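The values are calculated or read from the model by the stated rules, or taken from the named source; none is laboratory data. These numbers come from a predicted model, not from an experiment. Positions of Cβ are generated from backbone atoms using ideal geometry, with glycine treated the same way; all protein chains shown enter the neighbour counts.
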Ligand code: FES
C-alpha cells in the first residue's frame, strides 16, 4: 500500500522549529557584524579618553635637580649688624598634574656681620626631629621649642642639646639686582650627617 504524504498543515504548524535557510544565516551575520562594529566604534573614544586621563601617570617624575637659587630678601633688608632675621622661602612647585606658583616651601635665618658682603643662611628646620627653630628672646641664639635644642649664632649646638648636628647652613649670594639668593635645601633630621633630601 502506498504511503500517505504528510499534510502541509502539519509541516508548518505554528511554533514548530524550522531549519535555518540561507536568508536567515545572512540576517544573523549582518546583525553580528553590526554589533561588532558598534562595539569597536564605542570603545575607541572610550580608550582615547582613558589614555588622556591617565597620561600623567605614565610620565616619569621630574628629575631631581640640584637646588635652585631662590631670592628670599633684598640685600638692604639684612644690615650688617649681626642680628638674625627670618625670611620665608617661596618657590614655584610642579607635580605631575599641576603647576602651583609661588608656594611657601620653608624659611631661613639670615645673618650678616660687620663688613660681610653676603649673609650666612640657616634653614630654620631643626636637625633633631624637624620642628621650626626660633630666635631666642635676646636675639643672640636660636632655640627649638620641641625638645629644647639650642644653637649659637654660628648654628652650633649647645652641649646639652638633643640635636645630633648644627643647624643646616645654606649657600648664599647677592644677585645683580640686589637680591639675597639662597640655595635652598632640606636635610634629613635625626642623623649626625647633613644629608640632603633629594
Ligand atoms: S625637634 Fe628640635 S629639639 Fe627636637
Check region 129-137 and report whether any residue there is assigned to a strand (DSSP E or B) and more than 9 Å from the ligand (Cβ to nearest atom). yes
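Could you tell me which of the residues 161, 149, 117, 141 is within 9 Å of the ligand (Cβ to nearest atom), more than 33 Å from the chain's Cα centre (by Cα) and either assigned by TED's automatic domain parsing to the domain that holds residue 172 or touching a residue at least 40 places away in the same chain (Cβ under 8 Å) (or both)? Break it down stepwise before answering.
Numbers: 149 fails: more than 33 Å from the chain's Cα centre (by Cα); 117 fails: within 9 Å of the ligand (Cβ to nearest atom); 141 fails: within 9 Å of the ligand (Cβ to nearest atom).
One residue alone meets the criteria, 161.
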